[in-house]
Number of protein chains: 2
Amino acid sequence: MVEEKVNTVQSEVKELGKKAKEAALKLATLSTEVKNKALLAMAQALIEKKDYIIEENQKDLAEGEKQNISAALMDRLLLNENRIKEISEGLKEIAALPDPVGEIIAGWKRPNGLLITKVRVPIGVIAIIYEARPNVTVDAAGLCLKSGNAVILRGSSIAINSNLALTKTISEAATFHGIPEGAIQSVRSTSREAAQELMRLNEYVDALIPRGGESLIKSVIENSTVPVIETGVGNCHVYVDKKADLEMAKRIVINAKCQRPGVCNAAETLLVHQEVVKDFLPVVGKELIDKGVTLFGCSKTLSLIPEAKEATEEDWRTEYLDLKLAVKVVESLEEAIDHINTYGTKHSEAIITEDYFAAKKFTEEVDAAALFVNASTRFTDGGQFGMGAEIGISTQKLHARGPMALPELTTTKFIVYGTGQIRT
Amino acid sequence: MVEEKVNTVQSEVKELGKKAKEAALKLATLSTEVKNKALLAMAQALIEKKDYIIEENQKDLAEGEKQNISAALMDRLLLNENRIKEISEGLKEIAALPDPVGEIIAGWKRPNGLLITKVRVPIGVIAIIYEARPNVTVDAAGLCLKSGNAVILRGSSIAINSNLALTKTISEAATFHGIPEGAIQSVRSTSREAAQELMRLNEYVDALIPRGGESLIKSVIENSTVPVIETGVGNCHVYVDKKADLEMAKRIVINAKCQRPGVCNAAETLLVHQEVVKDFLPVVGKELIDKGVTLFGCSKTLSLIPEAKEATEEDWRTEYLDLKLAVKVVESLEEAIDHINTYGTKHSEAIITEDYFAAKKFTEEVDAAALFVNASTRFTDGGQFGMGAEIGISTQKLHARGPMALPELTTTKFIVYGTGQIRT
């Protein structure tokens, strides 16, 4: 009986994969005009079907209440008229972005006359495994469609009714406007087996992007045979150099920690050069504490900020995603770089300094997706970088690193024009 | 006892990983000059230590004889003075290639004054798992060093003495010339456990490139948690369109099949439009058979080439890597495209035609790394494309597609220059 159920789930996912691959081959050659019209129709459909979507969302909220999930999670789950409008606007923004498909990235002629061109094309079929927020369903579908990819969405079970309603709404609008069936699909089964099957569907799926917390990412890396683009975890540092403008440093530290503590580009550890600790730490410490931040400090920090708690080795590794900050006094720029390369997650790292050579050394020697000189780590974001809507922030080194927007959802093909050349 | 051995192997591989990561951080900031001098010194050392290398190679050859391995494999294993000279020359060529590290790929200023730059940097630690040929040891080490990466090499057990001798020779020369220790390492253990450990060393290894046959690639994809760049398998097609220059088509088919049948960019299936089969198939069939090629044909092919054997479904899927060719008559360009998208491995695909729209449709709708119009599939190669020495040919869509040379061994980091910007 159990085995039978597993088989059904596997064949459901396989069927989605097959349909998606067929759709992908057609999507790859669609004009920008068709894709944009479909995106605008999808935006319109969300508004028209808002009552239906809210009704389905209510089922998830009721289930959430029954399961006694946290208020924060309930809030992330909620869809109301305003939020649906925002999601709809997001699709219009994607329609307005340039289409990456078809760009000739490079081209050259060989001595034998072969003309080699490297052309941007869609990846094909992209699977997204994500948590809670139903808006990801539409954002991801919109970005994948614009970049010519078919998408298979697998959200968390608690949002299943909302996700299916959103998928139904936008995929119907899309197919009505010339997008092939199978371009936008959600996995109906919320079972673990469905996710497992999706992660091993190499025959049909070209790339898998997990969006969520550390444990989701870890599970995907552990279990997926489909190529994965790792996103998310950010244990980010701000290093205040001995030559820092301390007023600027304070402003940036407060911003990097407090402006939105629950996101991956918020600062989690403050490193301060020993030559400026006396002038800097008591002042910034007071302001952080006033803003509700709990500090976890090294022994020198504790001597200057009595309210701080003692940091353990674990604190240097922790992505708090909360109003908590680890604080460490370092003896040199080298120690700061070494600390970051040891404990960081290669996401976003900042140095505050007026020293040209310190800035150069920091940005060259710290291994991370984004390095900031005299700016907040909070800027690591597709929109803030001016790249347009993002599908996630890659913390791996292959394919894409840092914010991923439309071009990062493409690959390339070589098209070679000859006149009968053979190899000798 | 067995468990103890496994633990020893695991800690050996882990130790290599740790050393490689430390080396990678230093390698990332080395000047091109230092890297080039080291490459030339490595080339020199191979010549100086050739007796030692040949002596160690003899041990592998003796073992190979004892194991009764094939003549082809024995030949691939063999190192003699000439081959060592060739390998040494390869390093000099790598030294002469431009250094990809440090290139600013893109840069722009944001309305808030932030200057965003996207800079090419090494990937970090690259692991290579490969089969038989000892020259891969040196090629891969050279390419990784030039692109600023530390490399961990894991060749096949039959070549272990040769590989260790080559690694010792070049790594000693490299460290003597300022390359950090740990930049070039080979795994000493030839056990399965060592390979398994390497595939799961996410803490230290940034990317894994398997080089070898289908079963090696499959095993790596199945078992690796480290991001993989898939290489190699090529079930390539030549499609002869109804508007083809048949003389040119014949020349290209013969070249694509016969010039070097054992490699991934050789043609494995010939597709011919039904309107030209009568003029084309008997002629090309005879020439192929004269060159020793066995043909496996569809029923129409059999009626025109009596010597051909009957093709089964399996033949459309097979990468023969041999003087064998599947032949199918198709009713239309669409059928050819469909056949390739169904059975191909997304490597290299060619159309022979004088029809502009057929060429356009084929190159747009066939999903592969390299599409050729009126040229042989045998050109899919880093050197032939003018990209310099290649580390492999990617058949996946993430990170790199097609021949991978030095730039494909890099990633990027964003370096953002501010003047105190915070996010509001």
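Qualifying trypsin sites (Lys or Arg not before Pro) in the stretch A:257-293, where qualification requires a DSSP coil assignment and no more than 16 other C-beta atoms within 10 Å, comprise A:Lys291.
Partners of B:Lys286 within straight-line reach, counting aspartates and glutamates whose Cα lies under 15 Å from its Cα and excluding those fewer than 8 residues away in the same chain: B:Glu247, B:Glu307. Considering only chain A, the C-beta nearest to the rotation axis that sends A to B is found at A:His399, 2, the distance in whole Å.
Tell me the net charge near B:Lys309. Cut-off is 11 Å between Cβ atoms, B:Lys309 excluded, with +1 for each Lys or Arg and -1 for each Asp or Glu.
Numbers: positive: B:Lys324; negative: B:Glu307, B:Glu310, B:Asp315.
Residues near B:Lys309 contribute -2 overall.
Per residue, what volume in Å³ does the Cα convex hull of the protein assembly as shown take up? Present the calculation step by step, with values, prior to reporting the outcome.
Values: hull volume 156.1 nm³, N = 848.
That works out to 184 Å³ per residue.
Compute the whole-percent fraction of alpha carbon pairs in the stretch B:1-137 spaced more than 20 Å apart. In whole percent, the long-distance tail amounts to 68. The magnitude of the dipole of chain B, with charges of +1 and -1 set on the Cβ of Lys/Arg and Asp/Glu and taken from the Cα centre, is near 1320 debye.
Remark: label point of B:Lys59 defined 7 Å out from Cα along the Cα-Cβ vector; separations to the same position in other copies 6.8 nm, ascending.
To the nearest whole number, what is the average tally of beta carbon atoms from other chains within 10 Å of the beta carbons of peptide A:364-377?
Numbers: counts 7, 4, 3, 9, 3, 4, 6, 7, 7, 7, 7, 12, 8, 2.
The shielding value for this peptide is 6.
Close amide H partners of A:Val121, meaning residues 5 or more places away or on another chain with modelled amide H under 5 Å apart, are A:Gly102, A:Thr411, A:Thr412, A:Lys413. Inter-copy label distances at B:Lys85, using a point 7 Å along Cα-to-Cβ, come to 7.9 nm with the shortest given first.
Among the listed pairs A:Lys218/B:Lys346; A:Lys243/A:Lys291; A:Lys346/A:Lys413; A:Lys243/A:Lys346; B:Lys35/B:Lys92; A:Lys300/B:Lys26, which have their C-alpha atoms separated by more than 21 angstrom in this model?
On the way: A:Lys218/B:Lys346 29 Å; A:Lys243/A:Lys291 26 Å; A:Lys346/A:Lys413 30 Å; A:Lys243/A:Lys346 24 Å; B:Lys35/B:Lys92 12 Å; A:Lys300/B:Lys26 30 Å.
Beyond 21 Å: A:Lys218/B:Lys346; A:Lys243/A:Lys291; A:Lys346/A:Lys413; A:Lys243/A:Lys346; A:Lys300/B:Lys26.
Given C-alpha coordinates of the stretch A:86-138, what is the ratio Rg to Rh with the Kirkwood estimate of Rh? With Rh from the inverse mean 1/r over Cα pairs, Rg/Rh is 1.22.
Within 10 Å of each Cβ in A:339-347, how many Cβ atoms from other chains are there, averaged over the peptide?
Values: counts 0, 0, 3, 0, 0, 0, 0, 3, 0.
For peptide A:339-347, the averaged partner shielding equals 1.
Given a cut-off of 18 Å, name the pairs among A:Lys250/A:Lys324; B:Lys324/B:Lys397; B:Lys21/B:Lys397 whose C-alpha atoms lie farther apart than that in the structure shown. Kindly include the intermediate steps, with their values, before the conclusion.
Values: A:Lys250/A:Lys324 16 Å; B:Lys324/B:Lys397 28 Å; B:Lys21/B:Lys397 27 Å.
Result: B:Lys324/B:Lys397; B:Lys21/B:Lys397 exceed 18 Å.
Take each residue in B:390-397, count the other chain C-beta atoms within 10 Å of its C-beta, and the mean is 3. For B:Ala207, nonlocal amide neighbours, meaning residues 5 or more places apart or on other chains whose placed amide H falls under 5 Å from its own, are B:Val125, B:Ala127. Under a 5 Å amide H cut-off, with hydrogens placed 1.01 Å from N, B:Thr294 pairs with B:Lys324, B:Leu325 among residues at least 5 apart or on other chains. With Cα atoms defining each centre, the stretch B:126-202 and the stretch B:364-424 are spaced 23 Å apart in the structure. Across chain B, Cα pairs under 8 Å and at least six residues apart give a relative contact order of 18 percent. About its Cα centre, the stretch A:236-379 has a charge dipole of approximately 460 debye under the convention of +1 per Lys or Arg Cβ and -1 per Asp or Glu Cβ, with nothing else charged. With the convex hull drawn over the C-alpha atoms of the stretch A:236-379, the volume per residue is 86 Å³.
Taking a cut-off of 24 Å, what percent of all Cα-Cα pairs in the stretch B:328-424 are separated by more than that?
40
What you get for the stretch A:148-236, charging only the Cβ of Lys and Arg (+1) and of Asp and Glu (-1), is a dipole of about 220 debye around the Cα centre.
When the alpha carbon gyration tensor of chain B is reduced to an equivalent ellipsoid, its three semi-axes come out at 41, 29, 19 angstrom, largest first.
Could you order peptides A:62-71, A:364-373 by the average number of other Cβ atoms within 10 Å of their residues, highest first? Before the final figure, lay out each step's value.
Working: A:62-71: 11.3, A:364-373: 24.0.
Descending mean neighbour count gives A:364-373, A:62-71.
Position B:Glu222: other-copy label points at 2.1 nm, ordered by increasing distance, label point 7 Å along Cα→C-beta. Local charge for B:Ser215 was computed over the other residues whose Cβ lies under 11 Å away, with Lys and Arg +1 and Asp and Glu -1, and equals -2. Annotation: peptides B:102-109, A:337-344, ranked by per-residue average of other Cβ atoms within 10 Å with the highest first, follow the order A:337-344, B:102-109. Ordering B:Leu323, B:Ala38, A:Thr301 by the projection of their Cα atoms onto the charge dipole of the protein assembly as shown, which places +1 on the Cβ of Lys and Arg and -1 on the Cβ of Asp and Glu, puts B:Ala38 at the extreme positive end.
Rounded to the nearest Hz, the phi-derived 3J(HN,Hα) couplings of the stretch A:272-281 under the Karplus curve 6.51 cos²θ - 1.76 cosθ + 1.60 (θ = phi - 60°) are 10, 5, 4, 5, 10, 4, 5, 6, 9, 4, where x marks glycine and proline.
Taking a sphere under 10 Å around the Cβ of A:Lys328 and counting the other residues whose Cβ falls inside, with K and R at +1 and D and E at -1, yields a net charge of -1.
Read the figures in this text as sums done on the coordinates, not as results from a lab. Bear in mind that the values here come from a model prediction, so they are computed numbers and not experimental data. Using ideal geometry, Cβ is built from the backbone for each residue, glycine included, and neighbour counts are taken over all protein chains shown.
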